[in-house]
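Accompanying notes for the structure given below.
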Amino acid sequence: MADRQLPAGWALEEIRRISGDQEATPLDTGRVVTGRPAQGERLHPEIILGFHGLCLVKAIDDGDWYMGSLNDDGRITC
């Protein structure tokens with residue numbers, strides 16, 4: 001995946017440098033993301049960053065960041 005999926009001003013190389021994960025990558029935001037705290041409902045991702053099976057998801061709904069796990073079926077559970 002390329003920088004084109006990242007917000008303006010973001011660079012994949014910088015994310016990898018800061019996180020220390022040279023395989024960090026933006027993920028497709030079309031996947032199912034569930035697990036809003038205390039509600040278990042679906043999140044609508046603006047950005048998803050993958051880090052070795054873990055993900056950071058920025059939700060369009062509230063602008064908050066959520067940490068989740070990438071499941072074998074491609075879904076993310078936060």
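Being among the hydrophobic types (A, V, I, L, M, F, W, C) and out of contact with any strand residue (DSSP E or B) (no Cβ under 8 Å at 6 or more places or on another chain) is the filter; apply it to segment 23-78 and report the residue that is nearest to L6 (Cα to Cα). The residue in question is F51. Within segment 44-56, the set of residues being at pLDDT 90 or above and not charged (D, E, K, R) comprises H44, P45, I47, I48, L49, G50, F51, L54, C55, L56. Restricting the search to segment 24-77, which residues are loosely packed, with under 13 Cβ neighbours inside 10 Å and under 18 Å from E14 (Cα atoms)? The one that is loosely packed, with under 13 Cβ neighbours inside 10 Å and under 18 Å from E14 (Cα atoms): H52. Where strands (runs of 3 or more DSSP E) fall wholly inside segment 11-78, the ranges with 1 or more residues that are free of Cβ contacts under 8 Å to residues at least 60 places away in the same chain and aromatic (F, W, Y) are 45-51, 65-70.
When A38, A8, A2, A59 are checked against the criterion of being at pLDDT 90 or above and of a type in the set (G, A, S), a single residue qualifies: A59.
The values are calculated or read from the model by the stated rules, or taken from the named source; none is laboratory data. Here the structure is a predicted model, which is why all the values come from computation and not from measurement. With ideal geometry, Cβ positions are generated from the backbone for all residues, glycine too; neighbour counts draw on all protein chains shown.
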